[in-house]
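Just below is one structure, and these are the notes that go with it.
The values are calculated or read from the model by the stated rules, or taken from the named source; none is laboratory data. All values reported here derive from a predicted model rather than from experimental measurement. FYI the Cβ positions are ideal-geometry reconstructions off the backbone, even for glycines, and counts take in every protein chain you see. Calculation scope for accessible area: heavy atoms of the full protein, side chains included, ligands and nucleic acids excluded. Shrake-Rupley method; radii C 1.70, N 1.55, O 1.52, S 1.80 Å.
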Amino acid sequence: MKQELIDKYNVSVPRYTSYPPANFFRPFTQEELLGEVERSNGARDNNLSFYLHMPFCRRLCHYCGCNSYPMQKDEEIAGYVEALHQEIDILAGHLDRSRSISQIHYGGGSPTAMPVSVLKELNGHLLSLFPAIDNPEIAIECHPGYLTEADWQGLVSARFNRFSIGVQDFNEEVLRVVNRTPAELPMDEIVSILRAAGVSINMDFLFGLPLQTASGFRQTIERAAALHPDRVTTFSYGHCPWIFKRQLILEKAGLPDAEEKALMFRNAREVLHAAGYQSIGLDHFVLPDDELAEALRSRQLHRNFQGYCTRRTTGQVYALGVTGISQLDSAYAQNTKSIPEYTADVSSGRLAVRKGYRLTGRERIVREVIETLMCNYHIDWAQLAATLSLTVADVKAAVNYDEPRLREMEADGILHLSADALEMTGEGNPFVRNVAAALDPMMVDTDKKFSKPI
């Protein structure tokens, strides 16, 4: 990765986990949401994907950009869990019961801060209401800092089949300065427990934190590769202290510069490719027989708020819990950030939605273009137009197709451009967000603030 490219393209651009990004959302009502939920029953992608937000953490990490809260009193946690069950029932009343669950995902916060029995009951509730596809993905984000062998085995018995382990870094000094508790068990023991259960193992790492260096992070990734998890993610730390005030603590500790951070990613990619992993999207690495690798080869990779997925597990996302964002065919809707407001609303029989966005026809086209590029690093304009039942001219007219700007990126080695296709170069892949932003009509003269790609 050339320094001149970092200097030019390491600018504020959206992450594009949704289109439009969440900072374009506006006030949204329960009536609007229920209308969109009912419309979603007739959408093209008809599977059900449920996201459950568990906001509680035993200890808040300074870097966290998630909607996380300190642990509450037992009765408040019990009230929150009961509200989740009630919210499931409210939504189920507006969903076609013949639709199948393809994905259940728990995020946070720290979902594993909750008792395993609570998670098992929630899975059972959802799976009692709807059929499921063969081998649905039931995934949970795990903080290994507080989990014993019995806890890991209990999660398997609760029907989880994909475990995303938030390692972040094997260097305990790095973890200390960011206020994260190291793993309770040695990581090789955790892997052995999960391997014996026959489930999929993801390991998540974060680069760009205080005390991290390119050589130190390389050692962390070498250790991860030796453990041979099914997937590895190397997330770039997004520094947004204007949103998450606790991140200011990390500025005092000192953050690595963009050049050092880029070298961390390059080293991680080099180590993982040498170990047989393939790159998926911005930050995922998978083994060649992984279904994500096959989806990328066939240019059928998909992405939602929970990460990369295949068309097999793709579903419209119905979010449950505080701050959860539903990601439907024609709209987004986000619940309140207040736990008391959430439990009070749902306990009274109302959904706790506060913000959302209904996409126009043009915006749905732009979403397809940006999602295709972000997932597959390639746009075949004719193929995409056929999928949307439009002409190529219609698709290009919907986006901000600024050919001189794209030609400039081509001259910089970021992409290849022809009349038929747009394709990222290997060297340009880390700047795919920049190319997506160049195609995005909403980014013309915007005053919105975003994180940087590196």
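Key figures
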{"item": "Residue identified as at pLDDT below 95, within 30 Å of Tyr377 (Cβ to Cβ) and of a type outside the set (A, V, I, L, M) among Gln334, Gln316", "result": "Gln316"}
{"item": "Residue satisfying condition, being modelled with pLDDT under 95, out of contact with any Lys or Arg (no Cβ under 8 Å at 6 or more places or on another chain) and over 19 Å from Tyr16 (Cβ atoms), within set Pro430, Pro404", "result": "Pro404"}
{"item": "Answer residue from region 285-309, given it is open to solvent by 10 Å² or more (accessible area, probe 1.4 Å) and among the polar types (S, T, N, Q) and is farthest from the chain's Cα centre (by Cα) among those", "result": "Ser298"}
{"item": "Region 202-256, subset of a type in the set (D, E, K, R), modelled with pLDDT of 95 or more and out of contact with any strand residue (DSSP E or B) (no Cβ under 7 Å at 6 or more places or on another chain), residue least open to solvent (accessible area, probe 1.4 Å)", "result": "Arg218"}
{"item": "Within region 95-117, considering residues that are assigned to a loop (DSSP other than H, G, I, E, B) and in contact (Cβ under 8 Å) with a residue 60 or more places away in the chain, the one surrounded by the fewest Cβ atoms within 10 Å (Cβ to Cβ)", "result": "Leu95"}
{"item": "Residues within region 169-194 that are within 24 Å of the chain's Cα centre (by Cα), in a helix (DSSP H, G or I) and over 15 Å from Ala253 (Cα atoms), tallied", "result": "4"}
{"item": "Counted residues, region 339-397 - those being of a type outside the set (Lys, Arg) and not in a helix (DSSP H, G or I)", "result": "17"}
{"item": "Where a residue in region 147-169 is within 17 Å of Ala183 (Cα to Cα) and at pLDDT 95 or above and its partner, wherever it lies, is open to solvent by 40 Å² or more (accessible area, probe 1.4 Å) and in a loop (DSSP other than H, G, I, E, B), with Cβ under 6 Å and at least six apart", "result": "Leu147/Glu184"}
{"item": "Looking only at region 28-56, and only at residues there that are of a type in the set (S, T, N, Q) and part of a loop (DSSP other than H, G, I, E, B), the one that is surrounded by the most Cβ atoms within 10 Å (Cβ to Cβ)", "result": "Asn47"}
{"item": "Boolean, Leu250 is at negative phi, touching a His at 6+ places or on another chain (Cβ under 9 Å) and assigned to a loop (DSSP other than H, G, I, E, B)", "result": "no"}
